[in-house]
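Here's the structure, in structure tokens; my notes come after.
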Amino acid sequence: MNPEITISNRRFLIVSGTCYSLVNFRGPLVQALIKAGLEVHAAAPGLFDDAKTRRLLESWGVVTHDFPMQRTGLNPWRDILTLGALYRLMREIRPRVVLAYTIKPVVYGLLAAKLARAPQRYALITGLGYAFADQASGKRALVFQVVRRLYAAALNKANKVFFQNPDDEALFRDLRILDEKVPSQVLNGSGVDMAHFARLPLPSGPPRFLLIARLLGDKGVRQYAEAARRIKQQHPEAVFQLAGKTDSNPDSITQEELDGWVREGSIHHLGWLDDVRPAIAECSVYVLPSYYREGTPRSILEAMSMGRAVITTDAPGCRETVTEGANGYLIPVKEVDALTKAMQRFIDNPALVRVMGQRSHEIARNRYDVHKVNSVMLQAMGIESSTSSIAYQNQTNPVSLD
């Protein structure tokens, strides 16, 4: 250890897999850390290339860092480079606390933190994604086994692991990814900034449904398109909007599929949105038929905060957001018939849109307010926090990709 470098009791490093998420998903958390008097450092691949995000973080007082990382795939040589870069960064800045989220930052960030002797190491599991969506099939089975071992190697070096739903926590315990000696805690997702996603009046006219997601099969996009096609045969006035773009993920919807849905008139594609609030404001019901192993979907929380009823799946991460029949409906995964039936209920009884939307807003306020969620998390890490509202300075909100 370099004797000229000492560990700062106030130095906190947050490691992310994408630079935009530091602002759009963790912005209130970063600001809460700063408000608590910490010297906050943030590291993400490509951060030095994203001038807008870097300037905003630095205007808050964050010290920014870049490191190399291939977002998808398991390339041993590139992943070793990621581990080495994070280790060198931590040896240089000597953080007291390291918090990592999303799979590769969690794996290589926590391993690097242990090697660099960072005293406090935390992981935030924001969902399990592709590798855990269907553990028994072909290539995914191999990916799952590799990811399982990598997670175990890293998480068992953590002081605590945060989960966003109880199903993920139970799975990691059952599979012995997480040793019984390592404490864990379930949070109410990432929370939602209810001032930023303020409740707005419902649109008039025919029912309008909306899905916001990366365009992946596991997000239920194909089921949504098929249900839209069926309903429009009987109710051509109904509107089905889809926001998001195709992805490098192996499970991505193809451009040909998307073009076909738009051409036949079942889907209105909004593309990638820098700010999702206008799209949510224009919808009657928010739909996410996901079986992706979400943490707690941010897009659902945003729609709830804005007072929208929800249709989602009875699946980990999603099921916690809906009280069946109160603020929406839960459907089985991959069941187009059930999804179609749930949508039809809102068409047959438009009053449900208002009643369930009001209940969604109440649930969001009571359970998912971002400042409440962050206060619980900071307390769990032994950080003094203020329960007062912290201004969220970001002016845009891209598609929720956690």
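The values are calculated or read from the model by the stated rules, or taken from the named source; none is laboratory data. This one's a predicted model, so the numbers in the text were calculated from it and none came from an experiment. As a convention, Cβ positions derive from the backbone with ideal geometry for all residues, glycine included, and neighbour counts pool all protein chains shown. Only protein heavy atoms, including side chains, enter the accessible area calculation; ligands, DNA and RNA are left aside. Shrake-Rupley method; radii C 1.70, N 1.55, O 1.52, S 1.80 Å.
State all residues of region 166-186 that are open to solvent by 10 Å² or more (accessible area, probe 1.4 Å) and under 20 Å from Arg293 (Cβ atoms); if no residue qualifies, say none. Hits for region 166-186 are Pro166, Asp167, Glu169, Ala170, Leu171, Arg173, Asp174, Leu175, Arg176, Ser184, Gln185, Val186.
Within region 339-364, the residues that satisfy the criterion of being more than 25 Å from the chain's Cα centre (by Cα) and either without any contact (Cβ under 8 Å) to a residue 60 or more places away in the chain or open to solvent by 30 Å² or more (accessible area, probe 1.4 Å) (or both) are Lys341, Gln344, Arg345, Asp348, Asn349, Pro350, Ala351, Leu352, Arg354, Val355.
Selection over region 241-274 of residues that are more than 17 Å from Asp218 (Cα to Cα), outside any loop (DSSP other than H, G, I, E, B) and in contact (Cβ under 8 Å) with a residue 24 or more places away in the chain gives a count of 7.
For region 257-279, taking the residues that are hydrophobic (A, V, I, L, M, F, W, C) and under 23 Å from Gly127 (Cα atoms), the one that is least open to solvent (accessible area, probe 1.4 Å) is identified as Val276. Within region 173-186, residues that are under 17 Å from Val147 (Cβ atoms) reach partners that are of a type in the set (D, E, K, R) with beta carbons closer than 6 Å, at six or more positions or on different chains, in the pairs Ile177/Arg148. Could you go through region 69-86 and let me know if any residue there is open to solvent by 50 Å² or more (accessible area, probe 1.4 Å) and under 26 Å from Ala380 (Cβ atoms). Looking through region 69-86, none of the residues is open to solvent by 50 Å² or more (accessible area, probe 1.4 Å) and under 26 Å from Ala380 (Cβ atoms). Yes or no: Pro105 in contact (Cβ under 8 Å) with a residue 12 or more places away in the chain, open to solvent by less than 30 Å² (accessible area, probe 1.4 Å), over 20 Å from Thr53 (Cβ atoms) and in contact with a strand residue (DSSP E or B) (Cβ under 8 Å, 6 or more places away or on another chain)? Criteria not met by Pro105. If I ask for residues that are open to solvent by 10 Å² or more (accessible area, probe 1.4 Å) and touching a helix residue (DSSP H, G or I) at 6+ places or on another chain (Cβ under 9 Å), which ones from region 196-213 would you list? Correct list: His196, Ala198, Arg199, Leu200, Pro201, Leu202, Pro203, Pro206, Pro207. Being of a type in the set (A, V, I, L, M, F, W, C), touching a Gly at 6+ places or on another chain (Cβ under 8 Å) and open to solvent by 10 Å² or more (accessible area, probe 1.4 Å) is true of Val333.
Let's see how each residue does on (1) in a loop (DSSP other than H, G, I, E, B); (2) closer than 25 Å to Pro119 by Cα; (3) out of contact with any Gly (no Cβ under 8 Å at 6 or more places or on another chain):
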{"site": "Phe12", "(1), (2), (3)": "no, yes, yes"}
{"site": "Tyr20", "(1), (2), (3)": "no, no, yes"}
{"site": "Val40", "(1), (2), (3)": "no, yes, no"}
{"site": "Arg54", "(1), (2), (3)": "no, no, yes"}
{"site": "Ser59", "(1), (2), (3)": "no, no, yes"}
{"site": "Thr64", "(1), (2), (3)": "no, yes, yes"}
{"site": "Gln70", "(1), (2), (3)": "yes, no, yes"}
{"site": "Ala85", "(1), (2), (3)": "no, yes, yes"}
{"site": "Leu89", "(1), (2), (3)": "no, yes, yes"}
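Of the residues in region 211-224, none is touching a residue at least 60 places away in the same chain (Cβ under 8 Å) and more than 18 Å from Ser299 (Cβ to Cβ). For region 302-354, a residue qualifies if it is farther than 20 Å from Gly191 by Cβ and part of a loop (DSSP other than H, G, I, E, B), and the qualifying residues are Asp314, Ala315, Gly325, Ala326, Pro332, Val333, Lys334, Glu335, Asn349, Pro350. For the condition in contact with a Pro (Cβ under 7 Å, 6 or more places away or on another chain), β-branched (Val, Ile, Thr) and touching a residue at least 60 places away in the same chain (Cβ under 8 Å), Val370 qualifies.
Counting the residues of region 316-346 that are within 27 Å of Asp275 (Cα to Cα) and small (Gly, Ala, Ser) gives 2. The lone criterion from (1) touching a residue at least 40 places away in the same chain (Cβ under 8 Å); (2) part of a helix (DSSP H, G or I) left unmet by Pro95 is number (2).
So which residues in region 8-23 are aromatic (Phe, Trp, Tyr) and at pLDDT 95 or above, if there are any at all?
Within region 8-23, Phe12 is the sole residue that qualifies.
May I ask you to list the residues in region 22-38 that are over 20 Å from Arg94 (Cβ atoms), among the hydrophobic types (A, V, I, L, M, F, W, C) and not in a loop (DSSP other than H, G, I, E, B)? Once the filter is applied, which keeps residues that are over 20 Å from Arg94 (Cβ atoms), among the hydrophobic types (A, V, I, L, M, F, W, C) and not in a loop (DSSP other than H, G, I, E, B), region 22-38 yields Leu22, Val23, Leu29, Ala32.
The single condition among (1) in contact with a Pro (Cβ under 8 Å, 6 or more places away or on another chain); (2) within 22 Å of Val373 (Cβ to Cβ); (3) charged (D, E, K, R) that Arg308 does not satisfy is (1).
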